[in-house]
Amino acid sequence: MSEQKKTEEYKVSGEDLMAKIKAIIREGNARKITIKDKDDHEILSFPLTVGVVGVALAPVFAAVATITALATECTIVIER
């Protein structure tokens, strides 16, 4: 039986990016998060596994913070 991937996309401004990423992680049902710039180029992509906790996500949050400082508009693609 093949498993079908479901994706969702959200367009957010740079200042709302970190809050949206944290909300998605809290939901707990995302497998992978990809961040794209306004020209649809992939900036960052990271998998989420069941056992991932805050310490493991610290480098990801640092990268997202850097993107937040530089980006004006991003698209978050969530694979569930």
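The values are calculated or read from the model by the stated rules, or taken from the named source; none is laboratory data. The structure presented is a predicted model; accordingly, all values stated were derived computationally and were not measured. Cβ placement follows ideal geometry from the backbone for every residue including glycine, while neighbour counts extend to all protein chains displayed. We work out accessible area using only protein heavy atoms, side chains counted, and drop any ligands, DNA or RNA first. Shrake-Rupley method; radii C 1.70, N 1.55, O 1.52, S 1.80 Å.
Hey, among the residues in region 3-21 that are of a type in the set (V, I, T) and closer than 16 Å to D40 by Cβ, which one's least open to solvent (accessible area, probe 1.4 Å)? Per the stated criteria, the residue is V12. Scanning region 25-42 for residues that are touching a residue at least 24 places away in the same chain (Cβ under 8 Å) and over 10 Å from T75 (Cα atoms) returns I25, N29, A30, R31, K32, I33. For region 23-34, a residue qualifies if it is touching a Leu at 6+ places or on another chain (Cβ under 9 Å) and closer than 14 Å to F61 by Cα, and the qualifying residues are I24, I25, I33, T34.
Of the residues examined, K38 is one that is modelled with pLDDT of 85 or more and either loosely packed, with under 15 Cβ neighbours inside 10 Å or farther than 26 Å from Q4 by Cα (or both).
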